[in-house]
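Trainee: Below is the structure I would like to discuss, written out as structure tokens.
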Amino acid sequence: DVLIVGSGAGAMTAAVRAADAGASVLVVEKTDQFGGNSAMSGGVLWLPNSPLCNEAGADESLDKARAYMRTVIDEEGLHERIEKYLTTIPEFIEYLHSSTHLRLDVLANFPDMYPDVEGAQMHRCHEARPFHGRLLGDDLDRMRPQHPQTTLFGLIGWTASESLALQARGPGWWKVAVSMVTRYVLDIPQRIRSLRDRRQVLGGALTGNLWRSARDRGVELWLNAGVEEIIEEGGRVAGVRMRRDGRELFVEARNGVILSSGGFEKNNEMRQQYLAGPTDADWTAGSPGNTGEMIEEGKRLGATVAHMDEAWWGPTIVLPG
């Protein structure tokens, strides 16, 4: 019924919702591991008007969240969309906590991106609660691992709260460090098999829990399955032409195709077209699958794009090898 292109947190959330609506769902990922940037990332969700904020001691309100977003996004034409986003957040969190394996906790003292703007707060960032990778079974190896910069020593997973304590050398930081290293070393079955940490945190906890929820619902996931063309028939999207493990396939989608396939940071031609120079795909820490084909396919079908010169920017150092 529904075909979802991409396999990050947005894709998996869509898969769970579509399955709960009674649809048969197929998620396709062109690389050999699912999760994309979501799995590699810090996995933080920015959720204004979250009921969890006030439970954590913040003074959050719909009015403050609205003032902040309308100031930062100074476009009157988007007011209706902002309102829908803000008023749906409580329902969204309730759904995640009641219907999926994902549990969110508020990150105290993580400021909004524009802390001097009217309505800015310190409690709107949320992180996924960790879980043990054995719950994923063999799918742990199929999920894209954390980026080395989001781990201790490039190996050991830490939550956003733990990383803050360690990097800032806050009270009791050495106890946090010792407990993390000890837990990692004493996971003997995994150490014999792999250096990969089985404790899933950050983006791994976010994406892994969403995939567990989708898997429980019978959602199918294809890896090494890249969409090459969106098929349009009679003015509507009817499916896709794709290549899976080298074979060309046509997949019909009775109720629609959802594009959740990430950005274009690995595509030098698109970087040259949209981003300020100098720019190079070798400089990005993004997922290797983010090459922008589905953005171009959407444009071919008449979709509009905006803010293509924007990104989540950060300094990087390119190391040999």
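The values are calculated or read from the model by the stated rules, or taken from the named source; none is laboratory data. Computed from a predicted structure; not experimentally measured. A quick note on method: Cβ atoms are made from the backbone with ideal geometry, for glycine too, and the neighbour counts reach across all protein chains shown. Surface accessibility is based on the protein's heavy atoms, side chains included, excluding ligands, DNA and RNA. Shrake-Rupley method; radii C 1.70, N 1.55, O 1.52, S 1.80 Å.
Trainee: What residue, among those in region 288-321 that are assigned to a loop (DSSP other than H, G, I, E, B) and among the acidic types (D, E), is nearest to the chain's Cα centre (by Cα)?
Mentor: E310
Trainee: Moving on to the next point. Considering each residue of region 258-272, count those that are open to solvent by 70 Å² or more (accessible area, probe 1.4 Å) and without any contact (Cβ under 8 Å) to a residue 24 or more places away in the chain, and give that number.
Mentor: Of the residues in that region, 2 qualify.
Trainee: Please work out which one of (1) open to solvent by 50 Å² or more (accessible area, probe 1.4 Å); (2) in a loop (DSSP other than H, G, I, E, B); (3) in contact (Cβ under 8 Å) with a residue 24 or more places away in the chain; (4) under 26 Å from A306 (Cβ atoms) is the condition P48 fails and give its number.
Mentor: Exception for P48: condition (1).
Conditions (1) surrounded by fewer than 17 Cβ atoms within 10 Å (Cβ to Cβ); (2) within 22 Å of A15 (Cα to Cα), marked per residue:
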position	(1), (2)
T100	no, yes
D112	no, no
P115	yes, no
E118	yes, no
H126	no, yes
L135	yes, yes
D138	yes, yes
R142	no, yes
H147	no, no
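Trainee: Considering only residues that are free of Cβ contacts under 8 Å to residues at least 24 places away in the same chain and among the β-branched types (V, I, T), look in region 68-91 and name the one that is least open to solvent (accessible area, probe 1.4 Å).
Mentor: I82
Trainee: Right, here's the next one. Here are some conditions: (1) buried (at least 18 other Cβ atoms within 10 Å of the Cβ); (2) over 24 Å from the mean Cα position of the chain (by Cα). A65 meets all but one. Which one does it not meet?
Mentor: Of everything listed in (1) buried (at least 18 other Cβ atoms within 10 Å of the Cβ); (2) over 24 Å from the mean Cα position of the chain (by Cα), A65 misses just condition (2).
Trainee: Let me ask something else. Kindly list, by first and then second residue, each pair from a residue in region 297-321 that is within 16 Å of I230 (Cβ to Cβ) to a residue that is in a loop (DSSP other than H, G, I, E, B) and not acidic (D, E), limited to pairs with Cβ atoms under 8 Å and residues at least 6 apart or on different chains.
Mentor: G298/V305; K299/V305
Trainee: Quick check, is G157 under 29 Å from S99 (Cα atoms), at pLDDT 95 or above and buried (at least 21 other Cβ atoms within 10 Å of the Cβ)?
Mentor: Against the criterion (under 29 Å from S99 (Cα atoms), at pLDDT 95 or above and buried (at least 21 other Cβ atoms within 10 Å of the Cβ)), G157 does not qualify.
Trainee: Continuing with this model, one more query. When G298 is evaluated against the numbered criteria (1) closer than 30 Å to W158 by Cα; (2) open to solvent by less than 50 Å² (accessible area, probe 1.4 Å); (3) of a type outside the set (S, T, Y), which criterion, by number, is the only one it fails?
Mentor: G298 satisfies every listed condition except (1).
Trainee: Please indicate, with yes or no, whether at least one residue in region 10-22 is open to solvent by less than 30 Å² (accessible area, probe 1.4 Å), assigned to a helix (DSSP H, G or I), within 28 Å of D245 (Cα to Cα) and not small (G, A, S).
Mentor: yes
Trainee: Moving on. What number of residues in region 171-190 are loosely packed, with under 14 Cβ neighbours inside 10 Å and part of a helix (DSSP H, G or I)? Lay out the reasoning, then the answer.
Mentor: Here is the first cut: in region 171-190, the ones loosely packed, with under 14 Cβ neighbours inside 10 Å are 171-172, 174-175, 178-179, 182, 185-186, 188-189.
Checking which are part of a helix (DSSP H, G or I) leaves us with 174-175, 178-179, 182, 185-186, 188-189.
Within region 171-190, residues that are loosely packed, with under 14 Cβ neighbours inside 10 Å and part of a helix (DSSP H, G or I) number 9.
Trainee: Of everything in region 245-257, what is open to solvent by 40 Å² or more (accessible area, probe 1.4 Å), part of a loop (DSSP other than H, G, I, E, B) and at pLDDT 95 or above? Give them in sequence order.
Mentor: Passing the criteria: R254, N255.
Trainee: OK, next. So which residues in region 160-170 are open to solvent by 40 Å² or more (accessible area, probe 1.4 Å) and either assigned to a loop (DSSP other than H, G, I, E, B) or farther than 16 Å from G203 by Cβ (or both)?
Mentor: Correct list: L164, Q167, A168, R169.
Trainee: Against the definition (within 24 Å of A205 (Cβ to Cβ), at pLDDT 95 or above and part of a loop (DSSP other than H, G, I, E, B)), how does T88 come out, yes or no?
Mentor: Working: within 24 Å of A205 (Cβ to Cβ): yes; at pLDDT 95 or above: yes; part of a loop (DSSP other than H, G, I, E, B): no.
The answer is no for T88.
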